[in-house]
Every structure is written in structure tokens, then in C-alpha cells.
Amino acid sequence: MRIVCAVCRYRTMKNRVVFFTDLDNTLIYSYKRELGQERIGVETYQGRTISYMTPAAVRMLEEIREQILVVPVTTRTVEQYERIDLGFVPEYALVCNGGVLLERGVEAISWRDESLELVGGSEETLRRGRECLESDENRCFPVRSVGGLFLFTKSRRPEESAVRVQRALGDDKTEVFQNGQKVYVVPREINKGRACERLKKKLDGLAAPGAGTSMPYYTIGAGDSAFDVPMLEAADFPISPDGLYRPKEPGSGAVWKEKERGGVFSEFVLEQVISYIKGIV
């Protein structure tokens, strides 16, 4: 009887606890980041390794995925995401800022169709955003549409370009983000928080009869940039770097890596996830 109960508890954990995590600078790091000689390559592009994880992070992620559902959530395109090898194929991955869902590596067409419906009211704003980006004298990369969902380009002065586009659009249908050299124009409907809520609803619909949708999801969210804030807001247990996100409600359970604390953010994140799992078993 004890064995059966343990199995039931494992299945409950696996089905009802979800770890939504950003990838770049949250779990994985560019080759430009110093991680030590024992770093483990996780992304190859044009024959060379360009992204890495620490050995400790690889071990902890393996431990976590054996207990709960791990869902990568990234602004990367499908092609960029597919270059990454985390050592396993996630059951679900949200890419293109949540506008695309991959189920064991295969795109869910119905999800993209729904995403395109969500951005339908932003077509005119995206058109104006494209015109503004294309006329920007600081632009140093073609303006690209990611699956018809949002726009991005690169700029020699990305902060100036982002401010210029935001002023030109001047409405509440899109958000403008600057991340490194990249500048994005993204409809508000395509954000990581909404994507996580959509996936939770989908998972509820797939629940086995008798599993009980009354059982609450426990959601963990981890991210390091402005793209991740909606996901952190939607999570029961948000994890972020110091200064990115502080919950409105005191005592919400959110944690953040203080600037004075040593080590890489990825290991801090995974340590917190393991601690959280132990606390709810």
C-alpha cells in the first residue's frame, strides 16, 4: 500500500506542479559568460558551441524534471530553440514569447492559430512599428516578423530606438522591449504570463477522469528580463534577479537573487526550485 501511495503522490506532483522557466541567462549562458572550465555545452550553431550550463545546474535540472513538469518559456524562435539540448525533450515548450507551443518538439498548430487570433487587433500597430523600425538610422539588421506574432531588429543604439518606436506607436496594443542590441515590438496579448495561463488551461483539459481539476496547480516561474515579468506575476513561486520583480503583495513567497550573493543565477534558481518541491511534498 505504501508503494502505491508513493506512486500516486509522484503522479500528482508530476501533473500538478509546473516549472515555467526562461532559458537565456536564466538556465543557459552565452559562451561570452565566464562559467569555469567544466561548463557543459548545450547549444551548437554553425559547428561551434555558443551556449553553456554549469555542471551543477545540469544535475539539479535532471533531479527536478524527474519530479515535476519543466516547461521552457522563451522569446527565441522555433529554429533558435531547436539548437538547444537540455539533455531531454520537454513535454511542452513555449517559444516565440509564448505564441508557439511545442509538444515534445512538435508544433501545436491550433495554438499558433489561437495566437494569431489574439494579435489580430494589433495588425495596424505592427505595420506602423515596422515602418518606424525600418526608417531608424540606428538599425543594423533587417526588421523581421516572427511568425506573424511580433517584430524584432537590431540597433546600434537600442535604447534610443526603443524609445523612438514606443513614442511613435503611442497606444496600449503593443509593448516595446530592448534586450542587448535587439529591439522588439510585441502585441500585449503575446506575453509569457498569458501563455503560461493558456497552457495550464490546456493541461486541465487533458487531466484524466477522476484526477480532479479541483486540485490546484503549483506554478514556479523563473526569469531574468522584462519579457519574464508577466510570467513571474502569474506564478505562485516567482524567482528573479534582484531589482527585476517584487510582488505587490507582501509575503507572496517570491524570492530574488540579491546582487551581493555570489554564483550564477541558474544555480540559485534551481536550488530554490528543489527547496520549493521539498516543501510541498
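Based on protein heavy atoms only, the chain ends up with 51 Å² per residue of surface accessible to a 1.4 Å probe. Mean residue ellipticity, 222 nm, helices only, the chain: the sum of -39500 (n - 2.57) across DSSP H runs of n ≥ 4, divided by residue count and rounded to 500, is -11000 deg cm²/dmol.
Taking only the Cα atoms of the stretch 64-125, the ratio Rg/Rh comes out at 1.04, with Rh defined as the Kirkwood radius. Between 0 and 90 degrees, the angle of helix 2-16 with respect to the longest Cα principal axis of the chain falls at about 10 degrees.
The antiparallel fraction among DSSP beta bridges confined to the chain stands at about 60%. Note on the stretch 112-242: the C-alpha convex hull projects to 9.3 nm² when averaged across all orientations. In this structure, the amide hydrogen of Phe19, modeled 1.01 Å from its nitrogen in the peptide plane, lies closer than 5 angstrom to those of Leu69, Val70, Val71, Ile220, counting only residues at least 5 positions away or on a different chain.
Grouping the Cα pair distances of the chain into 5 Å bins from zero gives a pair-distance distribution of 1, 5, 12, 15, 18, 17, 14, 10, 5, 2, 1, 0, 0, 0, 0 percent in increasing distance order. Stokes-Einstein D for the stretch 1-153 at 25 °C, 0.890 mPa s, Kirkwood Rh over Cα pairs, in µm²/s? The Stokes-Einstein estimate is 137 µm²/s. The long axis of helix 265-280 is offset from the longest Cα principal axis of the chain by roughly 40 degrees.
Rounded to the nearest whole Hz, the Karplus-based 3J(HN,Hα) values (6.51 cos²θ - 1.76 cosθ + 1.60, θ = phi - 60°) of the stretch 62-72 follow the sequence 4, 4, 5, 5, 6, 10, 9, 7, 9, 10, x, with x at glycine and proline.
The relative contact order of the chain comes to 17 percent, based on Cα pairs under 8 Å that sit 6 or more residues apart. Each residue of the stretch 90-102 is assigned a 3J(HN,Hα), and the resulting list reads x, 4, 9, 9, 9, 10, 6, 6, x, x, 10, 10, 9 Hz, derived from the Karplus form 6.51 cos²θ - 1.76 cosθ + 1.60 (θ = phi - 60°), x at Gly and Pro. Once you sort the root eigenvalues of the Cα gyration tensor of the stretch 47-91 as a ≥ b ≥ c, which label holds: rounded (a/c under 1.5), prolate (a/b larger than b/c) or oblate (the other case)? It comes out oblate by the Cα gyration axes. Note that the stretch 171-183 has calculated 3J(HN,Hα) couplings of 9, 9, 8, 10, 10, 10, 10, 10, 9, x, 7, 7, 10 Hz, one per residue in order, obtained from phi through the Karplus relation 6.51 cos²θ - 1.76 cosθ + 1.60 (θ = phi - 60°); glycine and proline are x. Based on the Kirkwood approach, the hydrodynamic radius assigned to the stretch 140-205 is 13.0 Å, with every pair of different Cα atoms included. Look at the dipole of the chain built from charges on Cβ: of Gly221, Ser155, Trp111, the Cα furthest out on the positive end belongs to Gly221.
The ellipsoid equivalent to the alpha-carbon distribution of the stretch 125-168 has semi-axes of 16, 12, 8 angstrom, derived from the gyration tensor eigenvalues as √(5λ) and listed largest first. Using a probe radius of 1.4 angstrom, the carbon and sulfur fraction of the accessible surface of the chain is 48%. For Tyr31, the accessible area of its heavy atoms, probed at 1.4 Å with every protein chain present, is near 90 square angstrom.
Amide hydrogen proximity for Glu175: with H placed 1.01 Å from N in the peptide plane, the residues at 5 or more positions away or on another chain lying under 5 Å are Val186, Arg188.
The values are calculated or read from the model by the stated rules, or taken from the named source; none is laboratory data. On a predicted model such as this, the values are computed, not experimentally measured, just so you know. All Cβ positions, even for glycine, are placed from backbone atoms using ideal geometry, and neighbour counts span all protein chains on display. Side chains are part of the model used for accessible areas, which takes the heavy atoms of the whole protein and leaves out ligands, DNA and RNA. Shrake-Rupley method; radii C 1.70, N 1.55, O 1.52, S 1.80 Å.
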